[in-house]
1. What is the distance, in nm, between label points placed 7 Å from the Cα along the Cα-to-Cβ direction at R108 and at Q167?
2. Helix by helix through the chain, keep the DSSP H runs that span 30 Å or more along the axis on Cα and average at least 0.0 on Kyte-Doolittle, and give those back in order.
3. Two decimals is fine: what is log10 I(q)/I(0) at q = 0.09 Å⁻¹ for segment 617-767, from a Debye sum with one equal scatterer on every Cα and no solvent?
4. To make sure I understand the rule: partners must be lysines, Cα under 27 Å from the Cα of K232, and not fewer than 8 residues away in the same chain. Which ones qualify?
5. Please name whichever of V164, I445, L545 sits farthest to the positive end of the charge dipole of the chain, dipole taken about the Cα centre and charges placed at Cβ: Lys and Arg +1, Asp and Glu -1.
6. Using 0.36 nm per residue of separation minus the Cα-Cα distance, give me the extension gain between N762 and W472 in nm, one decimal.
7. What is the extension gain from I19 to M658, computed as 0.36 nm multiplied by their sequence separation minus the C-alpha to C-alpha distance, in nm to one decimal?
8. What per residue convex hull volume, in Å³, do the alpha-carbon atoms of segment 504-637 yield?
Amino acid sequence: MMKNRPALVAAFVMSGGIISAQYFAFSWKACAGAAVVFLAASAAELMMQRRIGGRETAASWMFLTTLFLSSAAIHSMQQQNPGISSLQRYLGNTDTLSITGRVIDEPRVTDGRTKMLISVLSLVNEFDSIGVTGKAYVTILPNKRTNDHPLKIGYGSVVSFRSVLQQPSDERNPGEFSYRQYLALNDIFATLSVMGYANIAIHGQRQPHWFFEHIIFPSKEFIVNTITTVMKGDEANFLIGLLLGDRTDISEEIKKAFTNTGTIHVLAVSGSHVILVVTIVYVIFGLLRCPNKPKIILTLIALVYYTFLTGAAPSIVRSSVMAGIVLIGKYFQQKTDPYNVLGLSAVLIYLYDPKQLFDVGFQLSFSAVFSMVYFYPKLNAMVKKIPEPLEEFKLITPLWQLFALSLAAQIGTVPFTAYYFGQVSVMSLFANLLVVPVVGVIVTIGLTGALLGVISMWAASMFSEVNELLAWFTLTFVKLAEQVPFALINTATFGWKETMIYSAVIAYIFNAGNSMVRKKIIFASLIGGNTLLYASLSEQQVPLLRITFLDVGQGDAAVIHFPCGERYVVDAGPISATYNAGERVVAPFLRRSGVSTIDAIIATHPHADHLGGVPFLLENFAVKRTIDPGQRLTTRLFTEYDSLKQTVEQVTARGGMMTTVGNARMYYLHPTARFVDADSTDGYSHINESSVVFKLQYGSTSFLFMGDAEAENEHHLVSVYGNFLDADLLKSGHHGSSTSSTQELVDCVTPAHVIVSVAKFNKFKHPSRFIIDRFRAAGAAVYRTDVEGAVVFESDGRTIRKLHWRSK
C-alpha cells in the first residue's frame, strides 16, 4: 500500500518523530544535528548511486530518518524552548499584574459574564514592564453590589485590567480530561479573571483584521440571525452547530444523546460538510456557465472562506486541505491518489503546527478518512454477495453502501473513541444510517438558504422552516436511540495493548484472502505477543497496596486497592443540583481502573459532602457491602442511600471491630454507641462525631482515616488507643478544619504524610493555616487535593511512596 505513495509514508514518519519527541523529551539540538548528518549522508549516497547506476534504497531510508529527526527537532524546540517573550515563561508569577491585550475573537456574553480571547501584549508590575506574546482566556464577572452591566467590547479592541496569571486547570484525577493541554494545543496558556466591568479599560480605536471584521463575523451574524428568526431552542442551536461548528449553546442533554449514540461527529464541522460546500459552490458556478479553471479558483476561495467561517478546527482544516489538493490537481488536470492526498494534508499541517497531531479531533478525522479509503472498497465489494431474493428491493444496495461507509469509518475510529471517551456505542452503526443522510440534507438546505438570504430573506426563511422540521426529527430520533438498552460498551480500560490486538484482528479479517499479507500479520502478532509476555514476566511481581485520594471538590473520596484484588471506596464526595462527585469523578476513575465490582463502600457519616456520590455507585456498580456508623438522617440523600443499600450486605462499624482483607487488617476505632443517635428525629446535630474512624495496617505500614471526626472524638480516641494511633499516613479529619486535628492527636499519630481533601476557594475557608502549620511542625509532608488534585500512595508492606501519576 505504501508503494508509490510518498506523501503517506512521509506523514507516518513525521508522526513517529513528533510522538517520539513528545514522550521521550528528545533534545531538539541533538535531533537537529543528527538530521543534518543524515541529510548530508542521504545526499552523498544518492549522488554516488546515480553515478554508478545502483539502487537508491539506502539514500531513501536515510532521507526518511532525516524527516523523522527533523519532525522531532521542530516539535521539541517548540515544546522545550518557548521564546523569551512567551507568556508561558510568566505563568508561575502569583503577583497581581497590569495586563494589556488585544481581543482576537468575538466576545461572548452569558448571564452578565463576558468571556473573550485576547492576545496578551504586555505585563506590568510595580517594578517592570515587559512585552509578551501568547493567548489567554479572560472572564469578566459582574460586580453585583454595584448593579454592574457588561461593557461593549468588540473584536480588535485593546483592553487593560489587573489580574493574576493563572495556568488552566490540569487533570485533577488520573485519566481525566486536561483543560490545560487542550488549550495549549491552540496556543492558549493562561486564564484570567476580572471582577467588575469598572476594572476594564478600553484603549483608543480597535485594531481588527479586515477579513474577520468585514467578512467572517458579519457572515456568522447573518447566518445566526437567519436561523433564530424562524427557529428557537434546541433545533436552532443544533442547526447553528451543524453549519458553523459552534456547539456552545447546544444543551448538555443533546450532546450526551449524540455521544451515546455515536453520532457526535455530525456536530463537528468536518469532511462531509466540506464536500457539500465544494459541491454546492461548484454546481452553482457550473450553472452560471463559468469556465472550468475560474470555477475551480472560485471554489478554492469559497473553501478558504468556509474554513475560517467554521473556526478552522483541526477536522475542518484537514478536510479543506484535502479538498484543496484535489481541486488543485483538477486545475492542472492531474489525477490524485486519496492516500497521497491524505498524507500530504497531514504533512502540511505538521509543517505549520506539529502539535496538532495530539488533538483528538485531528486523530479522529484522519483515522476516519484513512479507514474509509481503505475499508470501504472491501466492504462495498460485498454487495455482490447479497442474496438474489433481496436484490429485488431497490434500496438494498444504497442502504448497504451507506452502512458500509459508516462501518468503514467506525473501524478506524473505534480505538480513539474507546480510549478518549471510555465507551463505544453499538447503536452508532445503525443510528448513523439515518442521522448522516438527514444531516447532509440539513446542511445542504442550510447553506443554500444562507446563500439565498443575501438576495431574499423571505426565501432564506422558507429554507429555515424546512430545516426546523428536519432538526426536530433528528433530535427526537437521537434521544430515542439513546434509550436502547445495552447500547453502550464500557471501554474505560482500553489502551495501547488492546489497540494492538484490535488492529491485528481487523487486519487479519480484511486480508484473510491474501496469503502474503496474512503471513506478515501472523508473524508481527507473534512478535508483539511474545514481547508483551516477556515484559509482563520480567516485571517484579510485588503485592502492593494502593490508595488514591480523589479530588472531588469540597468533600472526601478515596479508593483502596488491596493486594488481594479487593477494592474499597471510602466516601464518594459531594452532591449538589449540578454536580454529583460519584457520577463525575469516582465512577469514571473506577471504570478506568477496570473496576465493575466494589467489595465495600465505607460511608463514614451521612453528610452530603461524603455520602453524596454513594447512591450513584450503588445504582451503577455491583456492590458487595456497605459499612457505615448506623447514624440516620432525615434528608432525601440519606433516604435514597438507605433504600439502595437494602439489597447488599450491611455492616455497622463500631469501635473495637477488626476485619482482614487479604493480608491487610482494618481496625475500626470509632464510633462507639454513645456517639451515634440511631433515631436522629430529635434534631441530633453532631453528625461529624459519629464518623467512622479506621486504621489500615499493611505489613509495617499504616494509614489512619479520620472522616470528619472533631476534637471530642479525637480526645476519646487518644484516651482509649494512645500510641496505637501511630500511623505513617493520616487522612486529616474534617478537611483540615480548626475543629479537628488537635495537638494531642497529632502527637499520638506522628504521621510522615498528611492528606487534606478540600476544594479550592471553598466558603468554609478550609483548611486552617494553623492546622497545616501544626502538621508541618510535627514533621509531616502535607498534600492537599485543592493544590495537587488526586494524591496516590503505594505500599509494599515495608515502605510507602507517593506516586506521580501525571505524565508531564
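1. 2.6 nm
2. Working: long enough: 28-52 (36 Å, 0.88); 57-80 (34 Å, 0.52); 396-421 (34 Å, 1.04); 428-453 (35 Å, 2.10); 457-482 (36 Å, 0.78); 515-538 (34 Å, 0.81).
The answer, listed by residue number, is 28-52, 57-80, 396-421, 428-453, 457-482, 515-538.
3. -0.31
4. K115, K152, K220, K255, K256, K479
5. I445
6. Going from the current span to full extension adds 100.2 nm.
7. Working: separation 639, 0.36 × 639 = 230.04 nm, distance 5.02 nm.
Taking 0.36 nm per residue and subtracting the Cα distance, the gain is 225.0 nm.
8. Working: hull volume 20.5 nm³, N = 134.
Roughly 153 Å³ of hull volume per residue.
Bear in mind these aren't lab numbers, they're just calculated from the coordinates by the rules spelled out. Being a predicted model, the structure only gives us computed values, none of them experimental. Note that we place each Cβ from the backbone using ideal geometry, even for glycine, and neighbour counts take in every protein chain shown.
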